[in-house]
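The values are calculated or read from the model by the stated rules, or taken from the named source; none is laboratory data. What you see is a predicted model; the values in this text were computed from it and never measured. Here the Cβ positions follow ideal geometry from the backbone for every residue, glycine too, while neighbour counts run over all protein chains shown. With ligands, DNA and RNA removed, areas are computed over all heavy atoms of the protein, side chains included. Shrake-Rupley method; radii C 1.70, N 1.55, O 1.52, S 1.80 Å.
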Amino acid sequence: MASISSTSISTPLYIPMHENDNVAIVVNDGGLPAGTVFANGLTLLEAIPQGHKVALSDLAQDDPVIRYNVTIGYALRALKKGSWISESVLRMPAARELVGLPIATRKAPVVAPLEGYTFEGFRNADGTVGTRNILAITTTVQCVAGVVEYAVKRIKSELLPHYPNVDDVIGLEHTYGCGVAIDAPNADVPIRTLRNITLNPNFGGQAMVVSLGCEKLQPTRMFPKGSIPILQGNEPTVVCLQDQEHVGFNSMIDSIVKTAEEKLKVLNARRRQTCPASDLIVGVQCGGSDAFSGVTANPAVGFATDLLVRAGATVMFSEVTEVRDGIDQLTARAANPEVAQAMIREMEWYDNYLTRGGVDRSANTTPGNKKGGLSNIVEKAMGSIVKSGSSAIVGVLAPGEKLTRKGLIYAATPASDFICGTLQLAAGMTVHVFTTGRGTPYGLAAVPVIKVATRNDLARRWHDLMDINAGRIASGEATIDDVGWELFKLILEVASGRETWAEQWKLHNALTLFNPAPVT
Ligand code: CA
């Protein structure tokens, strides 16, 4: 995979994000000891770990602490210049109310279209383009998971070698379908997620379903006949384990294998062809974030996002709790008032969902985030949101919905890595870009995942898991633009078939449905 280069730096260094900031983060691996003097004379009054914040000026009690030109908290007591501004000395601001927001006020920068970039993809009958050629076996219920897993092993060992143009065979297994309140209004979310994942461009429109028979989520409910244009005349083939025709375990397996072979014959005829970059559907998210996420990897992703949008492609960003504190930036960047209102609708829905559970957005940050220097969700969100670049936001999806247009899209999802990835798959994602500071081996069976490290130290230690090292931005070896272009080009190569590290090691995290509805 991509070669990773990185060096350690010995000069004490900190990075502010904006001229109005009164804190900045320490860059050096291992942090810096008390008494460290920076080139401008700033002296550390105490030891500060890497990624954590130093006060650039004296702060009085209740003074705003500003990073990214945003108040990320208020000082709980007076703090001298050179102090460590940790979570314990900060009070978090309340979430911005969802009224009186700027609506479609910010004009996106005028940029020329980016032309001439292509990739080699698998074009489908409906015009979508896959980046992989995969037979996916949809399941209606967890009860069939063991049987499907057994059948997939047999298909891969006995059939797949005869269909060399097919990359893989996977079971779309999940925990939904049995014991669920199927008519609850929010049950729409997991049901449409499963339906739309089956329609992902990487599966070539060759849907097959394994059902148990007695489950709440019947195949006809997952795929109401005639309601899905892409499947018209090509309705999913269903194997139902409780059907009378099955006598013994091997009868079920034979039936699944036989159905799979019909699908493999069709998929094997697919060939990669040159497609414009505008046919790409990229989902971006972060996981295991640290204070560098918003300084290195996420700004580089934002730069690549702008390039993709200029090339006419689709980019989705997500993770509601990680944009909630920047909602005013997003409603301002909406292409029109309808998009801004849809964004507010999704934030409101999620605020209510969290309130029902007795928490708020502050439940997002993890022990690892805090160890990595992120004091609270406001600071984390400011670093997360930059993945969206600077283009106008042209569309909003509720969780589990499928894309209907190109451009920069806000796809509302939880921030949980697996749930976000699963919902972006349902939306139609064909390449996933994932940034990490603490490090996670995350991967998906259905689409390639490109992992971007925020720090040199992580890129060095996890050299065969990270595809791109954005830590070089912090050490001055590369600019945001350099890494952004590198990522853009890698996305095109990976879309054309180049393997990511997660693919090489076959690292597949589970499909994880978002089910806000009751279970019975
Ligand atoms: Ca995430």
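Is it the case, given these coordinates, that residue 343 is within 16 Å of the ligand (Cβ to nearest atom) and open to solvent by less than 10 Å² (accessible area, probe 1.4 Å)?
Answer is no for this residue.
Looking at (1) β-branched (Val, Ile, Thr); (2) at pLDDT 95 or above; (3) open to solvent by 50 Å² or more (accessible area, probe 1.4 Å), find the lone condition where residue 11 falls short.
Among (1) β-branched (Val, Ile, Thr); (2) at pLDDT 95 or above; (3) open to solvent by 50 Å² or more (accessible area, probe 1.4 Å), residue 11 violates only (2).
Which condition breaks for residue 131 when tested against (1) more than 19 Å from residue 314 (Cβ to Cβ); (2) touching a helix residue (DSSP H, G or I) at 6+ places or on another chain (Cβ under 7 Å)?
All conditions pass for residue 131, except number (1).
Can you tell me which condition residue 137 does not meet? The list is (1) in contact with a Leu (Cβ under 7 Å, 6 or more places away or on another chain); (2) assigned to a helix (DSSP H, G or I); (3) open to solvent by less than 10 Å² (accessible area, probe 1.4 Å), and all the others hold.
Failed condition: (2).
When you go through 24, 55 one by one, which is the residue that is touching a Pro at 6+ places or on another chain (Cβ under 8 Å), buried (at least 20 other Cβ atoms within 10 Å of the Cβ) and closer than 16 Å to residue 379 by Cβ?
Going through 24, 55 in turn, just one is touching a Pro at 6+ places or on another chain (Cβ under 8 Å), buried (at least 20 other Cβ atoms within 10 Å of the Cβ) and closer than 16 Å to residue 379 by Cβ: 24.
Does region 322-329 include one or more residues that are crowded, with 22+ Cβ neighbours inside 10 Å, among the basic types (Lys, Arg) and within 16 Å of the ligand (Cβ to nearest atom)?
yes
Does residue 127 fit the bill of being open to solvent by 70 Å² or more (accessible area, probe 1.4 Å), assigned to a loop (DSSP other than H, G, I, E, B), out of contact with any Phe, Trp or Tyr (no Cβ under 6 Å at 6 or more places or on another chain) and at positive phi?
For residue 127, the condition - open to solvent by 70 Å² or more (accessible area, probe 1.4 Å), assigned to a loop (DSSP other than H, G, I, E, B), out of contact with any Phe, Trp or Tyr (no Cβ under 6 Å at 6 or more places or on another chain) and at positive phi - is not met.
If only one of 319, 338 is surrounded by 23 or more Cβ atoms within 10 Å (Cβ to Cβ) and acidic (Asp, Glu), which one is it?
319
Among the numbered criteria (1) touching a strand residue (DSSP E or B) at 6+ places or on another chain (Cβ under 9 Å); (2) more than 25 Å from residue 512 (Cα to Cα); (3) of a type outside the set (Asp, Glu); (4) surrounded by 24 or more Cβ atoms within 10 Å (Cβ to Cβ), which single criterion is violated by residue 388?
For residue 388, the failing item is (2).
Can you tell me which residue is surrounded by the most Cβ atoms within 10 Å (Cβ to Cβ) among those in region 413-443 that are assigned to a loop (DSSP other than H, G, I, E, B) and more than 13 Å from the ligand (Cβ to nearest atom)?
Among them, the one singled out is 429.
Could you please find all residues in region 403-425 being under 11 Å from the mean Cα position of the chain (by Cα) and either farther than 17 Å from residue 196 by Cβ or not assigned by TED's automatic domain parsing to the domain that holds residue 340 (or both)?
The answer is 415, 416, 417.
As an exercise: evaluate residue 362 against (1) at pLDDT below 95; (2) crowded, with 23+ Cβ neighbours inside 10 Å; (3) among the small types (Gly, Ala, Ser) and give the number of the one condition it does not meet.
(2)
As an exercise: evaluate residue 374 against (1) within 16 Å of the ligand (Cβ to nearest atom); (2) in contact with a Gly (Cβ under 8 Å, 6 or more places away or on another chain); (3) at pLDDT 95 or above and give the number of the one condition it does not meet.
It is condition (3) that residue 374 fails.
Which of the residues that make up region 140-170 are among the hydrophobic types (A, V, I, L, M, F, W, C) and in a helix (DSSP H, G or I)?
Listed by number, the residues that qualify are 143, 144, 145, 147, 148, 151, 152, 155, 159, 160.
Please tell me if residue 296 is β-branched (Val, Ile, Thr) and open to solvent by 20 Å² or more (accessible area, probe 1.4 Å).
no
Give the residue, chosen from 332, 342, that is touching a Pro at 6+ places or on another chain (Cβ under 6 Å) and at pLDDT 95 or above.
332
Residue under question is residue 407, and the condition is that it be within 14 Å of the ligand (Cβ to nearest atom) and more than 21 Å from residue 514 (Cα to Cα); does it hold?
When the stated conditions are applied, residue 407 does not pass them.
Go through (1) of a type outside the set (Lys, Arg); (2) open to solvent by 30 Å² or more (accessible area, probe 1.4 Å); (3) in contact with a Lys or Arg (Cβ under 9 Å, 6 or more places away or on another chain); (4) under 30 Å from residue 134 (Cβ atoms) and name the single condition residue 276 misses.
So residue 276 meets the others, but not (3).
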